[in-house]
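Data first, discussion second: the structure below is written as C-alpha cells.
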Amino acid sequence: MSTNSPLIIVISAPSGTGKTTIVRELIRKNENLVASVSYTTRKKRANEIDGKDYNFVSSELFSTMVEEKSFLEHAKVFDCFYGTPKQEVEDNLNKGLNVILEIDWQGAMQIKKERSDCLMLFIIPPSKEELMLRLKKRGTDSNNEIRLRFDEALNDLNQYQNFDNVFINEDVRSTVQAITAFIKDPSKASSLNDEVMTIIRSFRS
Ligand code: 5GP
C-alpha cells in the first residue's frame, strides 16, 4: 500500500455485487486500511451487529446529526438514510490510516466534490443473472427489497463513468487483488471499457 499521505478510498457498487465481502477482505489483508462505520436509519438485519456493520439510529437522531454537520456525506438510499461520520474518518486519516467508505454513488459524488484526492472505485457484477442470484443468496432481504435493489442496479451502473476505476467482481479473491494493486499504484487503471459496457448494456435490455 502507498506510503504517501493517507487516502479516502470510496467503493460503490449496486447492492448485491459483493462489496461488503470485498471490503472485509481488503481490510484483513492491509493493516493500514480501515472501514468507516456508517450511520443509518435502516432496520438492522438479523446477521448485523450495531456499531460494527452500521450504527443503527432513529430518523430523529440522524436529522440532528445532519443539522450538526456530523456527516462527511449523507444520502437517502432505498427509502432509508445513510451517512459517513466526519470525525471518525478524520481521526483515522490523522493516525495515518487509509479509510474505505463503502457508500452509494450519491454519497460518492459528494466526497469527490469535497476531497478531490480521494480514490473512487466502482464494482459491478459479472452479469444481470449473477446479481439476482447473489441478492437472493444473501438471504437477508424480503422479495420486495430484492426487487427494489435489482431494479435500482441499472441506475447505479450508469454512474460508472464518475469513478477512477471499474472492477468486475467475478470472484472475491481476484477482485481484492486487483483493487489492492490499484490502491498501490492508481496510475495503473484497468481498461475494461468494452467488457464493462457489455455488462451494463445487458441490464438495459
Ligand atoms: P444496505 O442497506 O444494503 O446495507 O446498503 C444500501 C446502500 O447504501 C448500499 O449501496 C451502501 O453502499 C449504501 N451505504 C451504506 N452506507 C452509506 C453511507 O454512509 N452513505 C451513503 N451515501 N451510502 C451508504
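Scanning the range 111-144 for residues that are within 11 Å of the ligand (Cβ to nearest atom), surrounded by 15 or more Cβ atoms within 10 Å (Cβ to Cβ) and over 22 Å from I179 (Cβ atoms) yields a count of 1. Contact map, the range 30-50: residues that are more than 18 Å from G83 (Cβ to Cβ) and polar (S, T, N, Q) paired with residues that are more than 10 Å from the ligand (Cβ to nearest atom) and assigned to a loop (DSSP other than H, G, I, E, B), Cβ distance under 6 Å, separation 6+ or inter-chain. Pairs shown: N30/M1; N32/M1; N32/L97. For L26, the conditions (1) within 14 Å of the ligand (Cβ to nearest atom); (2) in contact (Cβ under 8 Å) with a residue 12 or more places away in the chain; (3) among the hydrophobic types (A, V, I, L, M, F, W, C) all hold with the exception of (1).
The set of residues from the range 190-205 being surrounded by fewer than 13 Cβ atoms within 10 Å (Cβ to Cβ) and part of a loop (DSSP other than H, G, I, E, B) comprises S191, S205.
Quick note: the coordinates plus some simple rules give every number you see, no bench work behind them. Being a predicted model, the structure only gives us computed values, none of them experimental. Because the Cβ atoms are built from the backbone with ideal geometry, glycine has one as well, and the counts that use them run over all protein chains shown.
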